[in-house]
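Note sheet for the following structure.
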Amino acid sequence: MSLGFSVETLLPDARVSGPLRMGLVRLAESEWLAADPDLGPRGATFDAYPDFVQVMAEAHAAEAELCDMLGVTGGIEQAARTHWEDFCILTQDASGAPYRLTAAAVAFPTDWQLAEKMGKPIAAVHDPIDFYAEQLSAGVDRFLNGLRAPHIFGRTNAFVVPNGLWRYLPSDDPAERYDRVTPENAGQALYVRCERETLRRLPRSQAIVFTIGVYVAPLGSLSDAGVARIAETLHGFGAGEGDRRAAPHYAHALSAYAKTRQRKAA
């Protein structure tokens, strides 16, 4: 099994129901990063938001090793400018200690601010996610501690959002964000946003590289199967997670649109 590089190809492996899980798949080296991406939006975004690149002193060795691996110079920002993926580096203060986010170049965040996460352990980085501590934190820690080079693992998630912007940092009221979405226009007014995430260990520094590749598509551009799968999120997640995703504000429109697509396909 492998992960694709588009919303349509990522959705089959995205979590759309049930408890939190990592949902990892093993990737070949050739499947690690996207090939031949359009880098224009990346450079423009880093030019506009330089504060979304931060490197702590303890990550310098790992940053240099990552750049050597990628064949780039200029640090983690250049790595992220020359690839479609955002790059994060996780390091430990000592063996067995929690991994912390100590370097990152993030052009396309999905509802999180880098400054609020830097230096924090992984559990605190994921703090806003409902039930992360109860359902996933211990498993993530075990995986990170057991990860060995050169193995690469990937996972994906999917969100329903009201626009196709690469940077998704909404600050408005969710009710206003989705107030113009109807069953009739949901195919154009709603978008599906997938994060294609990978994890691998750097062999010299023993730090872990976490990459995030963002893919966005209008709901109406997806296949019938893709629409049906994203509609599963409406009843597959608990109320807390659904509320965090603002699902109550687009649920009716998405559900009605999915049913219409289903009837047309029948």
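Every read-out reported here was derived from the displayed coordinates using simple, explicitly stated rules and does not represent laboratory data. Computed from a prediction, not measured in an experiment: that's the story for all the values here. Virtual Cβ from ideal backbone geometry, glycine too; neighbours counted across all protein chains shown.
A Förster radius of 25 Å combined with the Cβ-Cβ distance from T182 to E241 puts the calculated FRET efficiency at roughly 0.55.
An ellipsoid equivalent to the stretch 46-189, defined through the eigenvalues of its Cα gyration tensor, has semi-axes of 30, 21, 14 Å when rounded to whole angstrom and sorted largest first. Using θ = phi - 60° in the Karplus curve 6.51 cos²θ - 1.76 cosθ + 1.60, the 3J(HN,Hα) couplings for the stretch 231-238 round to 5, 4, 4, 5, 10, x, 9, x Hz; x is entered for Gly and Pro. Please quote Rg/Rh for the stretch 115-266 to two decimal places, taking the Kirkwood radius as Rh and restricting both calculations to Cα atoms. Answer for the stretch 115-266: 1.02.
Annotation for W32 and D127: the two label points, set 7 Å from Cα along the Cα-Cβ direction, are 3.2 nm apart.
Relative to the longest principal axis of the Cα atoms of the chain, helix 251-265 runs at roughly 70 degrees. With R₀ set to 35 Å, the beta-carbon distance separating T73 from N157 gives a calculated FRET efficiency near 0.60. Residue exposure proxy: S6, S17, S95, ordered by other Cβ atoms within 10 angstrom of their Cβ from fewest to most, comes out as S95, S17, S6. Summarised in one figure, the compactness ratio Rg/Rh of the stretch 172-227, Cα atoms and Kirkwood Rh, is 1.24.
Using the rule -39500 (n - 2.57) for each DSSP H run of four or more residues, divided by the residues of the chain, the 222 nm mean residue ellipticity is -8500 deg cm²/dmol. Placing unit charges on the Cβ atoms only, positive for Lys and Arg and negative for Asp and Glu, gives the stretch 33-107 a dipole magnitude near 80 debye about its Cα centre.
How big is the charge dipole of the stretch 99-257 about its Cα centre, in debye rounded to the nearest 20, if each Lys and Arg gets +1 on its Cβ and each Asp and Glu gets -1 on its Cβ?
Value, rounded to 20: 1000 debye.
Put simply, when 235-241, 209-215 are sorted by average Cβ atoms within 10 angstrom per residue, most first, you get 209-215, 235-241. With coordinates expressed along the principal axes, the C-alpha atoms belonging to the chain extend over 55, 40, 36 Å, beginning with the largest.
Hey, with R₀ at 41 Å, roughly what FRET efficiency would W166 and H60 work out to, going by the Cβ-Cβ distance, to 0.05? In this case the efficiency is close to 0.90.
Taking the stretch 169-195 and a reference point 7 angstrom along Cα→Cβ of A115, the backbone N atoms nearer than 19 Å belong to 169-172. Remark: the chain carries a charge dipole of roughly 740 debye about the Cα centre, counting +1 on each Lys and Arg Cβ and -1 on each Asp and Glu Cβ.
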